[in-house]
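Colleague: Dumping the structure here so I can ask a few things about it.
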Amino acid sequence: MIPLRDSIPSRTFPGINYILIALNAMVFFYQLSLHSAGLMEPFIFEHAVIPKLLSSDLHTHWPSLITSQFLHGGFAHVLGNMVFLYIFGDNIEDTFGRFKYIVFYILSGIVASLSHFLLNIGSVIPAVGASGAI
């Protein structure tokens, strides 16, 4: 069941939420632009959370805990995440305020990535997506 809307109207304009949606979309379309040149896979491997790399060199790979939140594995992945972010993110931004919302979003994504990392320490499979933040 995919929600189409919620019943709680925002009291403020959800600017940060719209920026997050736009940023996720722009990064996804950038990923697609790299595909035809054969550069998408190296881009994903550089910016996704790869537990084995993170465990071997946290100092070098810690930024992937943030960058991976803006990568997606396909149209359905990015569309599903952005629909949920659009429907529910405005209420979180409205409740928390803009600054606390962006901090909450990023920290939620980091916690999700760290959880994935801890459960899959030896994995070389890249983890991407905003699902943990959302």
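The values are calculated or read from the model by the stated rules, or taken from the named source; none is laboratory data. All values derive from a computational prediction rather than experimental measurement. As a convention, Cβ positions derive from the backbone with ideal geometry for all residues, glycine included, and neighbour counts pool all protein chains shown. Accessible surface areas use protein heavy atoms only, side chains included; no ligands, DNA or RNA. Shrake-Rupley method; radii C 1.70, N 1.55, O 1.52, S 1.80 Å.
Colleague: Within region 89-119, take every residue that is touching a strand residue (DSSP E or B) at 6+ places or on another chain (Cβ under 8 Å) and of a type outside the set (A, V, I, L, M, F, W, C) and give me the one that is surrounded by the most Cβ atoms within 10 Å (Cβ to Cβ). Don't jump to the end; show me each part of the working.
Modeller: Of region 89-119, the ones touching a strand residue (DSSP E or B) at 6+ places or on another chain (Cβ under 8 Å) are 113, 116-117.
Next, from what is left, pick out any that are of a type outside the set (A, V, I, L, M, F, W, C): 113, 116.
Values: Ser113: 25, His116: 19.
For region 89-119, the residue satisfying everything is Ser113.
Colleague: Now for a different question. With the structure loaded, tell me whether Arg5 is among the basic types (Lys, Arg) and over 23 Å from Phe99 (Cβ atoms) or whether it fails that test.
Modeller: Considered against the rule, which asks whether it is among the basic types (Lys, Arg) and over 23 Å from Phe99 (Cβ atoms), Arg5 comes out as yes.
Colleague: Here are some conditions: (1) of a type outside the set (Lys, Arg); (2) part of a helix (DSSP H, G or I); (3) open to solvent by less than 40 Å² (accessible area, probe 1.4 Å); (4) in contact with a helix residue (DSSP H, G or I) (Cβ under 7 Å, 6 or more places away or on another chain). Ser123 meets all but one. Which one does it not meet?
Modeller: (2)
Colleague: Considering each of Leu85, Leu54 in turn, give the residue that is at pLDDT below 95, open to solvent by less than 60 Å² (accessible area, probe 1.4 Å) and assigned to a helix (DSSP H, G or I). Walk me through it before giving the result.
Modeller: Numbers: Leu85 fails: at pLDDT below 95.
Matching residue, one of Leu85, Leu54: Leu54.
Colleague: From the set of residues in region 14-45 that are open to solvent by 100 Å² or more (accessible area, probe 1.4 Å) and modelled with pLDDT under 95, which is nearest to the chain's Cα centre (by Cα)?
Modeller: Per the stated criteria, the residue is Glu41.
Colleague: Check His77, His72 and return the single one that is of a type outside the set (Asp, Glu), assigned to a helix (DSSP H, G or I), open to solvent by less than 60 Å² (accessible area, probe 1.4 Å) and over 15 Å from Asn17 (Cβ atoms).
Modeller: His77
Colleague: Can you find a residue that is over 16 Å from Ile134 (Cα atoms), touching a residue at least 12 places away in the same chain (Cβ under 8 Å) and either of a type in the set (A, V, I, L, M) or in contact with a Cys (Cβ under 7 Å, 6 or more places away or on another chain) (or both) anywhere in region 6-24?
Modeller: Checked against the condition, which is being over 16 Å from Ile134 (Cα atoms), touching a residue at least 12 places away in the same chain (Cβ under 8 Å) and either of a type in the set (A, V, I, L, M) or in contact with a Cys (Cβ under 7 Å, 6 or more places away or on another chain) (or both), region 6-24 yields at least one hit.
Colleague: If you go through region 2-51, how many residues are assigned to a loop (DSSP other than H, G, I, E, B) and within 22 Å of Gly73 (Cβ to Cβ)?
Modeller: Residues meeting the conditions: 8.
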